[in-house]
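In what follows, a single structure is set out as structure tokens and then discussed.
The values are calculated or read from the model by the stated rules, or taken from the named source; none is laboratory data. Given the structure is predicted, the values throughout are model-derived calculations rather than measurements. Cβ atoms come from the backbone with ideal geometry, glycine included; neighbour counts cover every protein chain shown. To get the accessible areas, we keep the full protein, side chains included, count just its heavy atoms, and leave off ligands, DNA and RNA. Shrake-Rupley method; radii C 1.70, N 1.55, O 1.52, S 1.80 Å.
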Amino acid sequence: TLRYSETAPGSLSATLPRTKLSFPSTDPGPKNDAKWAAFLEKNHAELDRLWNESAPLRAWIDELAAAPALGDLTSDFDSPILGFRSLRLASQLACARALQLAAEGRRDEAVGIILPHLVAAQKLEPHARTLVRRMISIALRRQAQNTFARVLDTGPLSPVTSARLADALAPRADVAEQARLVALSEADI
């Protein structure tokens, strides 16, 4: 989880592609829909460059999503922490790519690009020892879910992709255990 942390030794954060793009909000609504449409049209070449240069970052997200669980070894307030900048960039690029594909009618592919981000974000929270890690998880899940809504607004998915999406969005957490973990978050470091 610390591969792209800005505070971990050996971090790859310096290898992240640089951009001055300011991505629109994924919050629902016609105002943001119009902003996304204009953003995608205006920045197509830059988004393609960033997408190509972010292949290692995307592979890392896939690894996070494929892991059975994502533990948190934070032991004190000086411990290296998860890098939000890297996760946000990966998520923003995936959302942009998914919306480009959805506009082309390739909704199943669009969902396939966002699913690893949702799954990785879901796995960050259960064992989080810090509130920051929980907040990162919530922000990434919200961005993924809002992008799914935009993709679905463009048309239906195949039954297989619909089932994969429904499975990924199904609640899994034991509410009592989650409450206990939130209460312990940062209390033992």
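How many residues, within segment 102-118, are open to solvent by less than 30 Å² (accessible area, probe 1.4 Å) and either without any contact (Cβ under 8 Å) to a residue 40 or more places away in the chain or among the basic types (K, R) (or both)?
Final tally of qualifying residues: 1.
Checking V132 against (1) at pLDDT 95 or above; (2) within 27 Å of P9 (Cβ to Cβ); (3) open to solvent by 30 Å² or more (accessible area, probe 1.4 Å), which test does it fail?
(1)
Can you go through L87, L124, L64 and tell me which one is within 25 Å of P9 (Cα to Cα) and at pLDDT below 95?
L124
Show the residue pairs meeting these rules: Cβ distance below 7 Å; 6+ apart or different chains; first residue within segment 10-25 and over 25 Å from P80 (Cα atoms); second residue at pLDDT 95 or above and of a type in the set (K, R).
Once the first residue is over 25 Å from P80 (Cα atoms) and sits in segment 10-25, its partners that are at pLDDT 95 or above and of a type in the set (K, R) give P24/K35.
Select from segment 119-129 the residues that are open to solvent by 10 Å² or more (accessible area, probe 1.4 Å) and free of Cβ contacts under 8 Å to residues at least 60 places away in the same chain and list them in ascending order. Show your work before the answer.
Step one: list which residues in segment 119-129 are open to solvent by 10 Å² or more (accessible area, probe 1.4 Å), which gives 119, 122-123, 125-127, 129.
V119, Q122, K123, E125, P126, H127 - these are the residues of segment 119-129 that are open to solvent by 10 Å² or more (accessible area, probe 1.4 Å) and free of Cβ contacts under 8 Å to residues at least 60 places away in the same chain.
Which one of these does A94 not meet: (1) touching a helix residue (DSSP H, G or I) at 6+ places or on another chain (Cβ under 6 Å); (2) of a type in the set (G, A, S); (3) open to solvent by 30 Å² or more (accessible area, probe 1.4 Å)?
Of everything listed in (1) touching a helix residue (DSSP H, G or I) at 6+ places or on another chain (Cβ under 6 Å); (2) of a type in the set (G, A, S); (3) open to solvent by 30 Å² or more (accessible area, probe 1.4 Å), A94 misses just condition (3).
Determine the pairs where a residue that is closer than 9 Å to A120 by Cβ, located within segment 63-78, has a partner that is open to solvent by 90 Å² or more (accessible area, probe 1.4 Å) and not β-branched (V, I, T) with Cβ atoms under 8 Å apart, the partner being 6 or more residues away or on another chain.
L70/H127
Filter segment 148-173 down to residues that are outside any helix (DSSP H, G or I) and surrounded by fewer than 11 Cβ atoms within 10 Å (Cβ to Cβ) and give me whichever is modelled with the lowest pLDDT.
Here the residue is R172.
Considering only segment 51-140, give the helices (runs of 4 or more DSSP H) lying wholly within it that have at least 1 residues that are out of contact with any Pro (no Cβ under 6 Å at 6 or more places or on another chain), under 25 Å from T161 (Cα atoms) and among the hydroxyl-bearing types (S, T, Y).
Correct list: 84-103.
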